[in-house]
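The values are calculated or read from the model by the stated rules, or taken from the named source; none is laboratory data. Please read all numbers here as calculations on a predicted model, not as lab measurements. All Cβ positions, even for glycine, are placed from backbone atoms using ideal geometry, and neighbour counts span all protein chains on display.
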Ligand SMILES: [Zn+2]
Ligand SMILES: [Zn+2]
């Protein structure tokens, strides 16, 4: 059975999106979801509504993991295969980290470039595939290649 | 094979004794062994010699453990059997905790009473008996009973 | 430095009810912080220092409690600090805030302590640690916390003629004190027979002689006396002293989690025991004596320890606490009420919050707001507690 | 409060050499403490406050580091405190001591930080912790510490034209600086080619761009200026400022170990980033500007981070640090030498000791005692570091 690696952080349909919360008092958006108290110091709000974040943003920076990270990271393959990471700034005014979509590496990235959210398999355990959000570089028209 | 539950803290011969250290500068005695730096604030000594402590002292206070202590305590028996504990003041001017010798309980103890060090089995593991120091009440002449 | 200029004002206090709520310590802490800010009528954005009492059992967020609370309340650019001192943590955090205010480095400080405690016995972390006394005392001796409390209790019996019924009477008194305290976890009368009928944990102490562990939180807003005045608080409760002294070598009283004491053979025994020196330092710093104290909140990890503390704080002579207790002097309405909040007996222990909860209670007492448990006319209050490894604290408050 | 009265004196400093010695952090800490006391020519029995920098990986003794050091040096009845603030721990401990001195609550304070570090990658404790970002970043993203450093490095490349050779040059410079530092762990020249030939850990950073973890200790004796004068220290190095500010919401720069930043959509972006505000607060408190700084010790967790810090401290404009580096301005003998000690590149990181080690180095520099690495005529020095969870610090020293 395919299931998210973490519950309630993103949707998994055709146009997947991150799920945050919005303070009903000051409208500030939080991801991961805030609960309890609003973290805007000028706001004493304590109620939040779920909100799907924009699926596209702009690359703030990027890197990769050339060595296998230590646990609790669960390697997807044996032997280990390096993957790229990106921090992407969304129109909501926040930056969200994510792994980069399969098939893309740091050579495909650039600060300021557009990226789009996709959902892919992070690792597979005894119950099936565990999925995660990832950032996929938006390649300009004419440069598109088949991944 | 019988061996101490902790290395170098006590001797195990006919007249067992706790092993401490004595600062060679100010002669203050420490148990457990001090090393590195003397803890007398007026002394800057850094060398120590091993010293056997007095085998007899005076009960400072006492209690028992009516419930099985949590790990890393290793129960000696299953089901658990309560044991007594005593803090004994030695002529060296320090108080040392210990379990009370087998066969004695809080009813046999009194603040100010004399106690003597014995070595008994704390628990038994796959390599054999693990021994520990214990305090045995010194019963006045005529009251001695065979333990 | 003149007496007056050493004061800081307690502008607000707040708590989260003690209990087992199953929530994060952050939730409790922010709740208490907001309550204290509301009590002080100070906006969060005025706070220029946040001091957190660390909790060591709640992941990284607990290690950096000050920053965790500051972030949860909303980063406002304030200075931040996190203190740890075992059971004295809250008082240390308070002292850190006080020092910065007195140094002119800060005007409004928020001090917060909160804990989420695991169920069951407090036991050391997993793993073999042959150089850690806190591990060795379990491994070599099976020495639990109640066993240490029991050593102190037994000494009172053998030296001063205390009885198990006396210890039980402390519980009876504190249970009655806490009946109307909305922050207390246990609000139920207890009889001497109830205590004596509960299981003996470590002779001579019964289950009901020993405090539980709880989730809980407490917060204090400290300000300069100047800020309080400008803010319309003319005669605030004032912190007159915070004692955070360490022992003087040789420390000759058996202390949890040690297996032995220092030796006094070479240097002689210090004039005062460590616990006596804690209160003494507070009195000296405040220029206030034990005879001026109207109310005390002391750390009753066990019933018998309350009796020790009464003497350690010089509220009576050594060996006289049972007489005080029996005469009703330590009950609300008596000469020197002790633990009008209900104490740990009614709260259970929440390490980083406890010393601050004592300050909250005394603040309510000195303001005359301790509904249902008010010590009439209280103007001077003192707290006391002791942590592991040479930590202890005493806070002296006056209005 | 006048400028002069906000000063405290650095009466003595001391360190234990950094390395992997396999001993207890207590041994390192006491060694450093005794060295600092000897440097100050102050007897331990004069110390009336001990502040420990907490280490969270060394059992209970590490949680109560202040008390652990006080006991190891011999209980002398001093006040005690323990601070934790991740990488800023040492500076927080220093500030706690400074505040008590400025408040008139203490004359001689001993501040100690020491660590024994585990081998290998720094990874979170065992267990599943689905509400702890420090656990989630590994589990969901495989985001290690070097990966965060690499994000910052890559931004310099894409925005300011930095190259991997520039980053390597920082390492070359710092390795040369540390050659004659008796406390440094690595004392060996490194070439740009050495760095570029080392394995890439997280693009664009090579193994030699990233600092190791070390055992180490540093200690500082702080006194009132009055005590220093009475003690015959006429013109001591003075602590002019300690900045321990938190971020201002929204904190919009991606910060270890978070998975995201705050949103700026509602409130707008603050005037300064968190790291810019750290230095700014120190300059404001000291009444000293970046143009007055002669030498800086900054937290080079990676080579590229040193370049960020130079700009964050306003020692040059944004995006200009590579030009400074290439011109040799940040080398000893240049306009504004950075990390004359050799920095983390030569020391490796020992969390609770690091911020104090920076103060030790600047003290030697400002006294003219930094043999083999002296910044000639240095009179003003600044430090900077950043911890997790909104912690950071900057200490400004002057003679
Ligand atoms: Zn809001
Ligand atoms: Zn000595």
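Descriptive notes on the structure:
- Hey, residue A:62 over 26 Å from residue A:34 (Cα atoms), modelled with pLDDT of 95 or more and either in contact with a strand residue (DSSP E or B) (Cβ under 7 Å, 6 or more places away or on another chain) or buried (at least 19 other Cβ atoms within 10 Å of the Cβ) (or both) or not: no
For (1) at the interface with chain A (Cβ under 9 Å from one of its Cβ atoms); (2) without any contact (Cβ under 8 Å) to a residue 12 or more places away in the chain; (3) not in a helix (DSSP H, G or I), each residue gets a yes or a no:
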{"site": "D:126", "(1), (2), (3)": "yes, yes, yes"}
{"site": "D:130", "(1), (2), (3)": "yes, yes, yes"}
{"site": "D:136", "(1), (2), (3)": "yes, no, no"}
{"site": "D:139", "(1), (2), (3)": "yes, yes, no"}
{"site": "D:143", "(1), (2), (3)": "yes, no, yes"}
{"site": "D:148", "(1), (2), (3)": "yes, no, no"}
{"site": "D:151", "(1), (2), (3)": "yes, no, no"}
{"site": "D:156", "(1), (2), (3)": "no, no, no"}
{"site": "D:162", "(1), (2), (3)": "no, no, yes"}
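- Residue in the range B:24-34 that is within 15 Å of ligand 2 (Cβ to nearest atom), closer than 21 Å to residue C:254 by Cα and surrounded by fewer than 17 Cβ atoms within 10 Å (Cβ to Cβ) present: yes
- Any hit, the range B:50-59, residues being within 16 Å of ligand 2 (Cβ to nearest atom), within 21 Å of residue C:261 (Cβ to Cβ) and at pLDDT below 95: no
- Subset of the range C:318-336 (residues that are touching a strand residue (DSSP E or B) at 6+ places or on another chain (Cβ under 7 Å) and free of Cβ contacts under 8 Å to residues at least 24 places away in the same chain): none
- Condition check for residue A:85 on (1) without any contact (Cβ under 8 Å) to a residue 24 or more places away in the chain; (2) surrounded by fewer than 23 Cβ atoms within 10 Å (Cβ to Cβ); (3) in contact with a strand residue (DSSP E or B) (Cβ under 6 Å, 6 or more places away or on another chain); (4) under 24 Å from residue D:203 (Cβ atoms): one failure, at (2).
- Residue within the range A:96-107 that is within 16 Å of ligand 1 (Cβ to nearest atom), more than 7 Å from every other protein chain (Cβ to nearest Cβ) and modelled with pLDDT of 95 or more present: no
- Residue in the range B:40-51 that is touching a residue at least 24 places away in the same chain (Cβ under 8 Å), closer than 30 Å to residue D:38 by Cβ and surrounded by 16 or more Cβ atoms within 10 Å (Cβ to Cβ) present: yes
- Residue count for the range C:324-341 under the criterion of being in a helix (DSSP H, G or I) and surrounded by 14 or more Cβ atoms within 10 Å (Cβ to Cβ): the result is 2.
- Selection within the range B:1-23: residues that are within 16 Å of ligand 2 (Cβ to nearest atom) and more than 14 Å from chain D (Cβ to nearest Cβ). The member of this set that is nearest to residue C:266 (Cα to Cα) is B:22.
- Qualifying residue in the range A:117-129 (condition: in a strand (DSSP E or B) and farther than 18 Å from residue D:139 by Cβ): yes
- Any hit, the range D:20-36, residues being crowded, with 24+ Cβ neighbours inside 10 Å, within 24 Å of residue D:225 (Cβ to Cβ), free of Cβ contacts under 8 Å to residues at least 24 places away in the same chain and in contact with a helix residue (DSSP H, G or I) (Cβ under 7 Å, 6 or more places away or on another chain): no
- Residue pairs meeting the criteria (Cβ under 8 Å; at least 6 apart or on separate chains; first farther than 14 Å from residue D:77 by Cα, in the range C:269-287; second surrounded by fewer than 19 Cβ atoms within 10 Å (Cβ to Cβ)): C:283/C:289; C:283/C:290; C:283/C:314; C:287/C:3
- When residue D:35 is tested against (1) closer than 26 Å to residue D:243 by Cβ; (2) more than 10 Å from every other protein chain (Cβ to nearest Cβ); (3) over 18 Å from the mean Cα position of the chain (by Cα), exactly one condition is not met: (1).
- Enumeration of residues in the range D:79-101 that are more than 17 Å from the chain's Cα centre (by Cα), within 7 Å of chain C (Cβ to nearest Cβ) and part of a helix (DSSP H, G or I): D:99, D:100
- Any hit, the range D:281-295, residues being at pLDDT 95 or above and in a strand (DSSP E or B): yes
- Restricting attention to the range B:66-81, the residues being within 25 Å of residue C:132 (Cα to Cα) and more than 9 Å from chain C (Cβ to nearest Cβ) number 1.
- Residues that are touching a strand residue (DSSP E or B) at 6+ places or on another chain (Cβ under 9 Å) and within 14 Å of another protein chain (Cβ to nearest Cβ) within the range D:227-252 comprise D:239, D:240, D:241, D:242, D:243, D:244, D:245, D:246, D:247, D:248, D:249, D:252, listed in sequence order.
- Condition check for residue C:392: touching a strand residue (DSSP E or B) at 6+ places or on another chain (Cβ under 9 Å) and closer than 26 Å to residue D:50 by Cβ: yes
- Residue tally, condition in a loop (DSSP other than H, G, I, E, B) and in contact with a strand residue (DSSP E or B) (Cβ under 7 Å, 6 or more places away or on another chain), over the range C:253-274: 6
- Test result for residue B:93, at the interface with another protein chain (Cβ under 7 Å from one of its Cβ atoms), within 16 Å of ligand 2 (Cβ to nearest atom), touching a helix residue (DSSP H, G or I) at 6+ places or on another chain (Cβ under 6 Å) and within 26 Å of residue C:134 (Cβ to Cβ): no
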